[in-house]
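Colleague: Sharing a structure, written as structure tokens. Questions coming.
All of the numbers you see were taken from the coordinates with simple rules; none came from a lab. Since we're looking at a predicted model, the values are computed, not measured. Every residue, glycine as well, gets a Cβ built from its backbone with ideal geometry; the counts of neighbours run over all protein chains shown.
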Amino acid sequence: MTVFTDVKFEVQSCITCGVKFAIPVELDLRLRQNHNSFYCPNGHSQCYIGETEAEKLRRELKRKEQEVADQVQAKLKAQAALSVAEKKLNRVSKGVCPCCNRSFTDLQKHMKTKHPEKVKK
């Protein structure tokens with residue numbers, strides 16, 4: 001019985017001895033993806049070390065996800081700082097001294113007399 005099959009081959013050159021040899025295209029693609037070692041007919045080990053397109057895209061996606069996470073964190077930090085500033089302003093508007101945390105009916109006069117270094121001239 002005779003069986004005919006259509007197998008495509010990829011021609012390779014050994015990086016050590018330069019001998020030409022062929023491996024099936026499917027195997028070549030798998031070796032490029034998993035970076036496993038393979039050998040030339042003379043026994044020299046070699047492998048693909050470059051990033052595949054999928055690996056490049058995964059790395060870029062991870063970088064973008066980290067960038068978005070950093071932006072969200074910065075926004076949350078800015079919102080928290082704004083909230084603290086608004087609370088301080090609200091307290092000052094109700095007559096609470098920002099330096100000594102006591103209430104005064106005339107906060108402006110108190111600031112000028114007790115905390116002159118904090119008052120802009």
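Colleague: Mind checking whether some residue in segment 82-90 is within 26 Å of the chain's Cα centre (by Cα), surrounded by 10 or more Cβ atoms within 10 Å (Cβ to Cβ), of a type outside the set (Val, Ile, Thr) and in a helix (DSSP H, G or I)?
Modeller: no
Colleague: Also, quick follow-up: Just to be sure, is GLU51 assigned to a helix (DSSP H, G or I), out of contact with any Cys (no Cβ under 7 Å at 6 or more places or on another chain) and not aromatic (Phe, Trp, Tyr)?
Modeller: The answer is no for GLU51.
Colleague: Then there's this: Let me confirm something: among LYS118, LYS114, which residue is without any contact (Cβ under 8 Å) to a residue 40 or more places away in the chain and in contact with a helix residue (DSSP H, G or I) (Cβ under 7 Å, 6 or more places away or on another chain)?
Modeller: LYS118 is the lone residue from the list that is without any contact (Cβ under 8 Å) to a residue 40 or more places away in the chain and in contact with a helix residue (DSSP H, G or I) (Cβ under 7 Å, 6 or more places away or on another chain).
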